[in-house]
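Take a look at the structure below.
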Amino acid sequence: MKSYSIKNLEQYFKQYKKSVQNPEKFWNKIAEENFVWYQKWNKVLAYDMTEASIKWFLNAKLNITKNCIDRHLSKRGNKTAIIFEPNNPNEPAQHITYLDLYERVCKLSNVLKEQGIRKGDRVCIYLPMIPELAISVLACARIGAIHSVVFAGFSASALTTRINDSDCKMVITSDGGFRGDKTIDLKTIVNNALDKCPCVEKVLVVKRTNTTVEMKPGRDFWLAPLMENALADHVAEIMDAEDPLFILYTSGSTGKPKGMMHTTGGYMVYTAYTFKNIFQYEENDVFWCTADIGWITGHSYIVYGPLLNGATTLMFEGIPSYPDFGRFWEVVEKHKVNQFYTAPTAIRALAKENVSYVEKHDLSSLKLLGTVGEPINEEAWHWYNDHIGKKNCPIVDTWWQTETGGILISPIPFVTPTKPTYATLPLPGIQPVLMDERRNEVEGNLSSGSLCIKFPWPSIARTIWGDHQRYKETYFKAFPGKYFTGDGALRDEVGYYRITGRVDDVIIVSGHNLGTAPIEDAINEHPAVAESAIVGFSHDVKGNALYGFVILKEEGESRVRENLSKEINQLISDHIGPIAKLDKIQFVSGLPKTRSGKIMRRILRKIAEGDFSNFGDISTLLNPEVVEEIKNGRIS
Ligand code: PRX
């Protein structure tokens, strides 16, 4: 990999300057020198931010899996590409070499084609964190099918919505999944989901838990026998740089989930570039990102970014608390992990436990630590720094989104001086701006505002699948000509960025984006519920937890409220998944509404936090009396 690495602050500023002065030249060089293309582009970038139209490396031809796998075979054929660490520590880990990976991806590519999948078809992948998940992603990319990975913690109903939205022709799943001491019956969830998915023709099933499952003849096939009979060679499909690579759903503040669509060339260039620089990966390092591949972090920094760099990437099937709270550190010691990348919520949960869980293990292999997904509080930052990094590993607080494809704001370790809770500086090619309420750019340091990015970067999502208008309105309308992130941020005296949180109705719970509207819709389906409103409140492990205010219909009043709370949470679990369950439910007689009927969430947020100091102007409320009632009934 040439023209890539940033090794000191001077190089960072030099690259940054170049990337802003002439972005096309900057990315042209990186793309040209570091990847294999069947055909070069005839234009680096074409864009119109008001139309939300962005294209990189126009008319270039490539296959991303040739860059992730094939080109490493001569030098790294026997190098481990993926270390698989199972949920049960007594089950042996697997080391999948680049050559093994090549053969398994080729075999699955041939299976997919035999089963009728063609370039451009959508394939839904609903799998636990087992090697087949990464292999399925890569096999889809190899044949030009668009993968849509759905996190295997989502419910049947959430899966149905996602499968139908992108019209998936196939689902790849498993009999079940292991999670701590639980076995999750994934195939039954898929069977239930598919009752309402006429688009799905075939289901491929990986055997993982050996549970008895119902297979529908003609539709469902065990994967293993198909793989056995498949050829271990496959000529990769020639893709255009702007052909879709994948769809990944993320919650919106309103309506159904948004299928963010990423394309091939720009995503490849940007994830490879950021992986190398943000994790300072060296040839024999072992990199571990603890996310699930069902989220963007897993796509970009378990699968694509590491493999594009010929790295060894660790996939962990389990959870941090099983068999005990030392599991992460045991895995670090066992596989001599050099870079460790996790979410603040995991750090907070582990920091609550006895530090002997950490001290039992030799963590001396660690060179750097990363965080992602939500703001990290100072206490968690220091615990991570002191106990895991032993004050010897820089912490990269990486800010980015499903929509951005890769990390946009982050320290470069060993280069950018870190500052707790600050994501620090933009990566080369990223031009952040802070905007005030009047839509003016806030100039200078020591300022705050809505965080926007004013120039395209290669891995920005190109659209929302099937709804370009929604893409335009969600991201490019609030601040015309700029990409609006939905986050608020502040800039300190040296220009470091600190992300302060969402400014819309998305709540980040344990690092997962949850929109309030879909949760409220689920609650409102309960026959006893008239209306509801969800807000977030601070939680010492989850970052935020959910507080629901629920108005009951009259007939509901007489029912036992504890049961009602359980039923409401069950409904949420069925519609979205257990991650969206409410921590607190308060039954109220009304919600504070403006005269135009809009719920004033600002007041509910303050009540949920227990902050009654100043509700601001409530004179515009239709029903100001309800505020006192809600305040008095607050669940602490
Ligand atoms: O609010 C920001 C928060 O997570 C949101 C994006 O969520 P998602 O699309 O699920 O992607 C998460 C993984 C990339 C952002 O809008 N967020 C992410 N990273 C950080 C963060 N907030 C503060 N600091 C971060 N490092």
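The values are calculated or read from the model by the stated rules, or taken from the named source; none is laboratory data. Not measured: the values here are computed from a predicted model. Quick reminder, even Gly has a Cβ in these numbers, built from the backbone with ideal geometry, and neighbours come from all protein chains shown.
Spot the failing condition for Phe287; the list is (1) among the hydrophobic types (A, V, I, L, M, F, W, C); (2) more than 26 Å from Ser19 (Cβ to Cβ); (3) away from the ligand (no atom under 16 Å from the Cβ), and only one is missed.
It fails just one condition, (2).
Yes/no matrix, rows are residues, columns are (1) at pLDDT 95 or above; (2) in a helix (DSSP H, G or I); (3) touching a Leu at 6+ places or on another chain (Cβ under 8 Å):
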{"residue": "Lys2", "(1), (2), (3)": "no, no, no"}
{"residue": "Glu10", "(1), (2), (3)": "no, yes, no"}
{"residue": "Asn28", "(1), (2), (3)": "yes, yes, no"}
{"residue": "Ala31", "(1), (2), (3)": "yes, yes, no"}
{"residue": "Trp56", "(1), (2), (3)": "yes, no, yes"}
{"residue": "Asn67", "(1), (2), (3)": "yes, yes, yes"}
{"residue": "Leu73", "(1), (2), (3)": "yes, yes, yes"}
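Yes or no: region 319-333 includes at least one residue that is within 16 Å of the ligand (Cβ to nearest atom) and either out of contact with any helix residue (DSSP H, G or I) (no Cβ under 6 Å at 6 or more places or on another chain) or more than 22 Å from Leu408 (Cβ to Cβ) (or both).
no
Conditions first: (1) surrounded by fewer than 20 Cβ atoms within 10 Å (Cβ to Cβ); (2) assigned to a loop (DSSP other than H, G, I, E, B); (3) touching a residue at least 24 places away in the same chain (Cβ under 8 Å); (4) away from the ligand (no atom under 16 Å from the Cβ). Lys477 passes all but one, so which condition is the exception?
That leaves (3) as the condition not met.
Cβ-Cβ below 7 Å, separation at least six or inter-chain, first residue in region 222-248 and free of Cβ contacts under 8 Å to residues at least 12 places away in the same chain, second small (Gly, Ala, Ser): which pairs?
none
Going through Glu228, Glu214, Glu242 one at a time, which residue ends up being farther than 19 Å from Ile407 by Cβ, of a type outside the set (A, V, I, L, M) and touching a Ser or Thr at 6+ places or on another chain (Cβ under 7 Å)?
Matching residue, one of Glu228, Glu214, Glu242: Glu242.
Looking at Phe455, Phe484, which one is surrounded by fewer than 21 Cβ atoms within 10 Å (Cβ to Cβ), at pLDDT 95 or above and within 14 Å of the ligand (Cβ to nearest atom)?
Within the list Phe455, Phe484, the selection yields Phe484.
Could you run through region 338-376 and say how many residues are assigned to a loop (DSSP other than H, G, I, E, B) and in contact with a strand residue (DSSP E or B) (Cβ under 8 Å, 6 or more places away or on another chain)?
The qualifying residues number 9.
Could you run through region 594-621 and say how many residues are in contact with a strand residue (DSSP E or B) (Cβ under 6 Å, 6 or more places away or on another chain), surrounded by fewer than 17 Cβ atoms within 10 Å (Cβ to Cβ) and under 22 Å from Ala522 (Cβ atoms)?
Within region 594-621, residues that are in contact with a strand residue (DSSP E or B) (Cβ under 6 Å, 6 or more places away or on another chain), surrounded by fewer than 17 Cβ atoms within 10 Å (Cβ to Cβ) and under 22 Å from Ala522 (Cβ atoms) number 1.
Restricting to region 603-636, what's the tally of residues that are part of a helix (DSSP H, G or I) and touching a Phe, Trp or Tyr at 6+ places or on another chain (Cβ under 8 Å)?
Qualifying residue count for the region: 9.
Just for region 495-530: of the residues that are surrounded by fewer than 17 Cβ atoms within 10 Å (Cβ to Cβ) and assigned to a strand (DSSP E or B), which one is nearest to the ligand (Cβ to nearest atom)?
Gly501
Among the residues of region 398-451 satisfying the criterion of being β-branched (Val, Ile, Thr) and under 28 Å from Lys258 (Cα atoms), which is surrounded by the most Cβ atoms within 10 Å (Cβ to Cβ)?
Looking at residues that are β-branched (Val, Ile, Thr) and under 28 Å from Lys258 (Cα atoms), I get Ile407.
Being small (Gly, Ala, Ser) and more than 8 Å from the ligand (Cβ to nearest atom) is the filter here; which residues of region 361-410 pass it?
Ser364, Ser365, Gly370, Ala380, Gly389, Gly405, Gly406
Name the strands (runs of 3 or more DSSP E) wholly inside region 189-307 in which the number of residues that are of a type outside the set (Val, Ile, Thr) and closer than 29 Å to Ile395 by Cα is 3 or more.
So the answer is 286-289.
When you scan region 565-578, do you find a residue that is within 16 Å of the ligand (Cβ to nearest atom) and either surrounded by fewer than 17 Cβ atoms within 10 Å (Cβ to Cβ) or assigned to a strand (DSSP E or B) (or both), even just one?
No, the conditions are met nowhere in region 565-578.
Given Val331, Val355, which one is touching a residue at least 60 places away in the same chain (Cβ under 8 Å) and either of a type in the set (Val, Ile, Thr) or closer than 17 Å to Leu368 by Cα (or both)?
Val331
Being over 14 Å from Arg498 (Cα atoms), more than 13 Å from the ligand (Cβ to nearest atom) and of a type in the set (S, T, N, Q) is the requirement here; does Asn445 meet it?
No: the conditions fail for Asn445.
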